[in-house]
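S.K.: Structure incoming, see below.
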Amino acid sequence: MVTASDVKVGPEVFINFRGVELRKNFISHLHRRLQRDGINAFIDSDEAPGQELKNLFKRIEDSKIALAVLSSRYTESHWCLQELVKMMECSTKGEGCNNKLLVIPIFYKLKISTVAELDGDFGRNLWDLWRLPGRGRDRDNRIVKWNEALQDVLSRNALVLPETGKEDDFLSTIVAHVKNALSQITPQRGQNPKPQKGGGGNPKPQKFLSRASNITEPEDQRLKQLEVKLNVECNDNETRIVGVVGMPGIGKTYLARKLFVKLKNKINHCVFIEFEREKSEEQGSEWLEKRLVEDLLDIKNCIDTNAPLEVWKDSLIDKKVAIVLDNVSEKKHIEQLIGRCDWIKKGSRIVITTRDKSLTEGLVSDLYEVPGLNERDGLELFRAQACCTLDGNFLELSRKFVNYAGGNPLAIEQFGKELRGKDVAHWETRLRTLVECSNPTIREKLRSSYDELNEQQKDAFLDIAYFFRSQDESYVRSLLDSYDPESAESGHEFRDLADKFLIGVCDGRVEMHDLLFTMAKELVESTVEKSRLLLSNCAELRNKEGRDKVRGIVVDMSKMDETPLKREVFVGMSSLRYLKVYNSLCPPHSETECKLNLPDGLEFPKDNAVRYLHWVKFPGTELPSDFDPNNLIDLRLPYSNIITVWSRYKVAPNLKWVDLSHSSNLNSLMGLLIAPNLLRLNLEGCTSLKELPDEMKYMMNLVFLNLRGCTSLLSLPKITMESLKTLILSGCSKLQTFEVISERLESLYLNGTLINGLPPAIGNLHRLILLNLKDCKNLATLPDCLGELKSLQELKLSRCLELKFFPDVKKKVESLRVLLLDGTSIAEMPCNIFGLSFLRRLCLSRNDNIRTLRFDMGQMFHLKWLELKYCKNLTSLPILPPNLQCLNAHGCTSLRIVASPQTLPTPTEQIHSTFVFTNCHELEQVSKNAIISYVQKKSKLMSADRYNQDFVFKSLIGTCFPGCEIPAWFNHQALGSILPLELPQDWNAGRLIGIALCVVVSFNGYKDQSNSLQVKCTCEFTNVSLSPESFIVGGFSEPGDETHTFEADHIFICYTTLLNIKKHQQFPSATEVSLGFQVTNGTSEVAKCKVMKCGFSLVYEPDEVENSFWKATPRIEDKRQGRRSSFRTADEDDDCPIATPTTATYNSFNRIVSYF
């Protein structure tokens, strides 16, 4: 609540705060400080009691600045919140910035995240305040406005006092901010600034301070991070030297200057030295030492000597110093000043800013890489520089400019200044040209970093910009790093560019900032003889000028004509390293022919430097005979006409990647046999390839070999490939035998081959992780040595029709997680399942030979997914695994018995669980009760508070099976798809943990190829203003387009929870509820499927002394039918299920949850 002095003059500052918490301490001190500095602040010490809010609103309207002091008890007061709403309204009204109220949020010992998440007492107080008696919808509108105002606060720059912060320093900071703000605000708020030229489409102008003034700037989180690195607050005797690094314009100098101001308040002897490259080179290194001595010792004319530090060392060693070396560009300067550290007293602080990280290696205690601004701070800086209000189209366009700047403050500032006063059309035009034409100031700043590179580094930088953005790091390194043995810089280009922040690595991929990319394109385009060409026509290929300068060519055939080119089209390009020919509009597998018309063949320059050759649908039958592959690293000729790469042996010492996939005429690998460093070879779809040469054994480094779809391949050679990790033989439909050619294999794909067994040597593959044998129609047996595969995680045997037995694995295979046996002829699993006890997924679907599962599934503690779909002769299931999360027995038309659970189920790692028995028409009622009982016990174990902390209203566990009657223990039932309820006033009190729902659906022979079918429930609280909440009761979701048929009626039962009442106690006071059910395909309602009946029950947690999980519950009135029915207890029906709890908050309404 805000208080004010009764002053005749309009207040300059309005203070909004929680009076009972802060009036007599923090606020009184703040008010006194403001008065002392001549600032008229509004407080209520002299205000008459019982004043109305409209009087305070008038004070807000008359003020220039409002301070919103948020504390932990702030949300106890609706006056505080109403005033905040008014403040935010005044901060957005008016035609110019001088008509707007400047709101400065102050977080008093309160975390910003607490307000953002409405956490702790702050959040609880808000919802308690909202729940106070009010006038229906007005109360709901009020909470919406409060929430909007709080969110608006979060979007503004704020001052934050941490829990352990010093109030005195913080008060000084607030006063300084207010003074600076007032000096920038025109005295008469009623006077509007003159409108700017440019028409009604212009953004509304505002007058803002520059970024350096800090009035619109938050306490920079980056500065705090840097202070932690430097350990500014600690007065120990440890000398801290921190390097501050980052790309040009990121704010290194800005942070260093702000930090230097803080250091001067703690350390008496300080110096800030800004390096200018030209000046330091002209004056030599002595001027640095001289400047250091003069500033630290306050000496005007330091003695002229070649070593000032050595002379004055004794005077310096007893003084704790703070030194900032800004914009250092040479390592020798750092080494000269602090390399020895024998003149620096312990406890000193030294900061070095540089755009080259390598300069600090071995010389600093810690390194701080300056991050870019987040979007919120970036938008605020952009708004300040553009001097406008960001709304409508301007807000969306502003985001795009800020995103393009990538958090770089210099770029954001320059874009804002450039667009100041311009209309929307100009903004949109400038946005489209950003990648073609950079801002001159930004370009000059970035260009200085580029100019410091040597020629090899410059070439590597431009190569990445044109050819290798977002490519794999190791791949780019191999292509870029030079192999010149006479160069001292050989092999370091990539590392050097990364150290200078001209490129970056994210998740293993090479990235380049958009600003740098634009500069790179401008650098190439500005030269007369272009070194890198992006072509969509043939004209430039015929250009004879500057051919020896060309390093890379990318040819897009989508817009090319088929004008014939001479075979010498690339002759003379002696510097050519990268050549890519592709079609941007057509996928490689399309029938479109290569439009690069070379009727007389192709010729490359002698002694070419080509490292990267990509040519989709290469027209020739082989590469030119005079092509020298000595420098070649990456060769990709997919969908080509080649028969062989070269017709004779050639040495390719640097070749690492080869892709000849879908070259259907390829029949020989002779040209690749002398490539000792080859890593990956892709021959997928080479349908004419009949054999692999024995010489492949010399490919000592090959780790990946893809022969998928090589339908003419008959066998593998008896060779050993020492490094091979992945071998793909999928779809090699004529391959009848398999030989182990590498004992280092980790992934082996034999699916779709004609093999009838595996060799004994398969047991030697101790590193094998994946073995895929799907669709091996002739595979009849598996070797007993499977237990020797210590690393095997996945074994896939789907649709191996001749496989009738699974070996008895005597050794425990602890690594095996997935076993797929669907579509085989296996009649039963071995009784001793001990060796497979670590399985997580077991699939036995579509197996007509299985009648029962005799193995002890109760010992499979790790099994989560059991799939038995369409096992049409399966008649019974034994005890279910204790940790089972998903059981799918759809289409088991003979299944009658599901044994009662004898092993107590345990909570699963993932909360969501489902047990599907659709189209199991022979299922006995006793078995249905057993299924429900299993789900009931599992739900009970999942009710602990440690689960379901994601605040989502969701279906947790459920089951479905044929049937047409709602179980009797659903004490509220209705015909049709609508279930209206009137709940008692205290329905959500006590130990309520959730609800149980039941739906009967008539499918009428429903058949569909949709991969999703869902029974959806929509819950509406009709007496309060809450959006409807939807969730899924049951259904299926599977990949593929398999036709699903549902016969007869089915019952869907699910258990779900409401809110985490114990923790939040904020569930809406709703008493009128309507539940609506429908069947959907994930996007729309399925008209053929009809909801016949529905049921509902509240579920309560038992008292500690009770053994049952259910307890007697209040009566619920059926509004539609006018009847009343009481809930049953567990003693009335032993099979009554329970519901399981999730948690939710008011904020999480409107979220649709995942289905089971």
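S.K.: Suppose each label sits 7 Å from its Cα in the direction of the beta carbon; what would the residue 121-residue 395 distance come out to in nanometres?
M.R.: Going by the 7 Å Cα→Cβ label model, 3.3 nm.
S.K.: Same structure again: Work the Kirkwood hydrodynamic radius out for segment 650-773: mean of 1/r over every pair of different alpha-carbon atoms, inverted, in Å.
M.R.: It is 14.4 Å.
S.K.: Can you give the FRET efficiency for residue 862 and residue 670, using 1/(1 + (r/R0)^6), R0 = 51 Å, r = Cβ-Cβ distance, to the nearest 0.05?
M.R.: Numbers: r = 50 Å, r/R0 = 0.98.
Once rounded, the FRET efficiency stands at 0.55.
S.K.: Let's test the formula: R0 of 30 Å, r as the Cβ-Cβ distance of residue 432 and residue 470. What FRET efficiency results, to the nearest 0.05?
M.R.: Working: r = 22 Å, r/R0 = 0.74.
Working from the Cβ atoms, E equals 0.85.
S.K.: Counting other Cβ atoms within 10 Å, keep those with at most 13, restrict to DSSP loop, and tell me which chymotrypsin sites (Phe, Trp or Tyr not before Pro) in segment 651-758 are left.
M.R.: none
S.K.: Work out how much length residue 297 to residue 854 would gain on full extension: take 0.36 nm times their residue separation and subtract the Cα-Cα distance, in nm to one decimal.
M.R.: Stretched out fully, the residue 297 to residue 854 stretch lengthens by 191.6 nm.
S.K.: Testing the spin-label approximation: label points 7 Å from Cα along Cα→Cβ at residue 780 and residue 455. State their distance in nm.
M.R.: So the two model labels end up 7.1 nm from each other.
S.K.: Moving on. At 0.36 nm per residue, minus the direct Cα-Cα distance, what do residue 234 and residue 498 gain on full extension? Give it in nm, one decimal, please.
M.R.: Contour length minus Cα-Cα distance gives 91.7 nm.
S.K.: Something else about it: In what sequence, highest mean first, do 245-258, 104-117 appear when ranked by Cβ atoms within 10 angstrom?
M.R.: Top to bottom by mean Cβ count within 10 Å: 245-258, 104-117.
S.K.: Right, something else. Under the 0.36 nm per residue contour assumption, what length would be gained going from the current alpha-carbon distance of residue 264 and residue 540 to full extension?
M.R.: Values: separation 276, 0.36 × 276 = 99.36 nm, distance 6.10 nm.
Gain on extension, residue 264 to residue 540, equals 93.3 nm.
S.K.: How big, in percent, is the set of alpha carbon pairs in segment 360-513 lying more than 21 Å apart?
M.R.: Numbers: 6500 of 11781 pairs.
Above the 21 Å cut-off, segment 360-513 has 55 percent of its Cα pairs.
S.K.: Using all alpha carbons of segment 565-720, what is the percent of pairwise distances in each 5 Å bin, ordered from the shortest bin to the longest?
M.R.: Percent of pairs per bin, in order: 2, 9, 18, 23, 22, 14, 8, 3, 1, 0.
S.K.: I need two numbers for segment 443-526: Rg to one decimal and Dmax as a whole number, Cα atoms only, in Å.
M.R.: Over segment 443-526's Cα set, Rg and Dmax evaluate to 12.1, 35 Å.
S.K.: Could you calculate the FRET efficiency of residue 719 with residue 817 from 1/(1 + (r/R0)^6), where r is the beta carbon distance between them and R0 is 41 Å, rounded to 0.05?
M.R.: 0.80
Where a number appears in this text, it was derived from the coordinates with a stated rule and is not lab data. Since the model is a prediction, treat every value here as computed from it, not as a measurement. Glycine also receives a Cβ, built like all others from the backbone with ideal geometry; neighbour counts cover every protein chain displayed.
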